[in-house]
């Protein structure tokens, strides 16, 4: 089945309060995709991040990011007013996320929600705690300790806590009881809203592609409770751990992308139960975890990304005429520039190669000519970031800035996604037979 997708992080969606959320603007984006005849929405990881705010640095692979919780339902039920929220400091730049300010304001608002609703009898919350007991208790304790240690990395927590001595953990559970329940409650709120968004996407014919990192961060619940969580030495233990992770991902996503870097090369593996069994996929992941970049290339496991087909380190396999009918191909990965920004960085010879390949040297036509070239390929799924459909420049890329604090901060301006743009994308999908669902 030939189809197409758009890469758009939830945190980059428009919002009145500093950062994109799981609320109305996410539903509006799904409506835009449906109007554009796009059937895959790739989001960045939605996990609770560490203080770097990078979606690849998860405190817990299963915990949702509280910053993505929509506050409108709590305005509607009277916890606070929109005016009260607007008086908080969410950052002044509507084109960029100010994470420190957003985090301070969001957690203040969520504390108000917890104070108003979290202590009331709630059978749904009780059921959520029971159904997720295998990870929720450890996560909430870990997040509470992380906050108490002012976001220091795990090895600096002291031997007793870092090595999970029972006496230390029992003392902290008593001391941090309210914090622990607060973090449990935030997960309940997050997954209530996530379930509603996932249902809405399914109703509109949009499948969600989520992603996770192959390696878990050092400061994460998983490494705290199982120091061998990243070990690839033992096949059975590795498969058991990954089957648990894949089981969780099936609850959240229609398609799961696993991200890894091998010798500096980005490698993606894609899991969807109707495409591959969990046993076979775990074996693929094991080979990725044990391999060098050369091994992966020889085995045919690599990422197709148009931008990597040109320039000093060009690899021909990234060019669309080489994609086969099972390929999942990107214009560029999340670490790459937008099309407009990327072309400006190329030397004269490489830029000429690109122009000849896409059939134009006119700047106003280059972004859509690259998209058209990708859409014409044999690849099963082609994906591009929303910035490229909008023909935006380097300032809107997700990562790769000289100042790391600028990474993951881009925000889409409300009103950018017009009906005219949706129809233009839909025409391209119809022209190249990419209106199907994967």
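Grab the helices (runs of 4 or more DSSP H) fully contained in the range 1-91, keeping just those with 3 or more residues being touching a residue at least 60 places away in the same chain (Cβ under 8 Å) and within 30 Å of residue 326 (Cα to Cα).
Result: 24-35.
Does the range 160-170 hold any residues that are without any contact (Cβ under 8 Å) to a residue 60 or more places away in the chain and either touching a helix residue (DSSP H, G or I) at 6+ places or on another chain (Cβ under 9 Å) or part of a loop (DSSP other than H, G, I, E, B) (or both), and which are they?
160, 161, 163, 165, 167, 168, 169, listed by residue number.
Please state which of the following conditions residue 269 fails to meet, knowing it meets all the rest: (1) surrounded by 15 or more Cβ atoms within 10 Å (Cβ to Cβ); (2) at pLDDT 95 or above; (3) over 30 Å from residue 122 (Cα atoms).
Residue 269 satisfies every listed condition except (2).
Filter the range 383-402 down to the residues that are assigned to a loop (DSSP other than H, G, I, E, B) and touching a strand residue (DSSP E or B) at 6+ places or on another chain (Cβ under 8 Å), then identify the one that is surrounded by the most Cβ atoms within 10 Å (Cβ to Cβ).
Among those residues, the one meeting the criterion is 398.
Considering the range 348-382 alone, what residues qualify as being under 30 Å from residue 275 (Cβ atoms) and in a loop (DSSP other than H, G, I, E, B)?
377, 378, 379, 380
Kindly indicate the residue of the range 290-307 that is surrounded by 15 or more Cβ atoms within 10 Å (Cβ to Cβ) and at pLDDT below 90 and also nearest to residue 358 (Cα to Cα) among those meeting that condition.
Ranking the qualifying residues of the range 290-307, first place goes to 304.
For the range 78-105, which residues satisfy the criterion of being touching a helix residue (DSSP H, G or I) at 6+ places or on another chain (Cβ under 8 Å) and more than 19 Å from residue 405 (Cα to Cα)?
79, 80, 81, 82, 85, 88
Residue by residue through the range 125-159, note down the ones that are in a loop (DSSP other than H, G, I, E, B) and touching a residue at least 24 places away in the same chain (Cβ under 8 Å).
Those that are in a loop (DSSP other than H, G, I, E, B) and touching a residue at least 24 places away in the same chain (Cβ under 8 Å): 132, 151, 153.
On the basis of being part of a helix (DSSP H, G or I) and under 24 Å from the mean Cα position of the chain (by Cα), does residue 110 make the cut?
Against the criterion (part of a helix (DSSP H, G or I) and under 24 Å from the mean Cα position of the chain (by Cα)), residue 110 qualifies.
What do you reckon, is residue 111 within 26 Å of residue 20 (Cβ to Cβ) and surrounded by 14 or more Cβ atoms within 10 Å (Cβ to Cβ)?
In short, no.
Here is a list: 338, 333, 373, 360. Which entry is touching a helix residue (DSSP H, G or I) at 6+ places or on another chain (Cβ under 6 Å), closer than 20 Å to residue 4 by Cβ and surrounded by fewer than 21 Cβ atoms within 10 Å (Cβ to Cβ)?
Being touching a helix residue (DSSP H, G or I) at 6+ places or on another chain (Cβ under 6 Å), closer than 20 Å to residue 4 by Cβ and surrounded by fewer than 21 Cβ atoms within 10 Å (Cβ to Cβ) holds for just one of 338, 333, 373, 360, which is 373.
Between a residue in the range 183-210 that is in contact (Cβ under 8 Å) with a residue 12 or more places away in the chain and on the phi > 0 side of the Ramachandran plot and any residue that is surrounded by fewer than 21 Cβ atoms within 10 Å (Cβ to Cβ) and not in a helix (DSSP H, G or I), which pairs come within a Cβ distance under 7 Å, given they are 6 or more apart or on different chains?
205/437
Any residue that is closer than 13 Å to residue 47 by Cα, in contact with a helix residue (DSSP H, G or I) (Cβ under 7 Å, 6 or more places away or on another chain) and in contact (Cβ under 8 Å) with a residue 12 or more places away in the chain - is there at least one of those in the range 231-247?
no
Residues of the range 268-293 being touching a helix residue (DSSP H, G or I) at 6+ places or on another chain (Cβ under 6 Å) and under 19 Å from residue 305 (Cα atoms), which ones?
Once the filter is applied, which keeps residues that are touching a helix residue (DSSP H, G or I) at 6+ places or on another chain (Cβ under 6 Å) and under 19 Å from residue 305 (Cα atoms), the range 268-293 yields 269, 271.
Output the helices (runs of 4 or more DSSP H) that fall wholly within the range 176-275 and possess 3 or more residues being closer than 30 Å to residue 25 by Cβ, or say none.
Counting at least 3 such residues, we get 177-203, 235-252.
The values are calculated or read from the model by the stated rules, or taken from the named source; none is laboratory data. Everything numeric in this text was worked out from a predicted model, so none of it was measured. Heads up, the Cβs are rebuilt from the backbone with ideal geometry, glycines too, and the neighbour counts pull from every protein chain shown.
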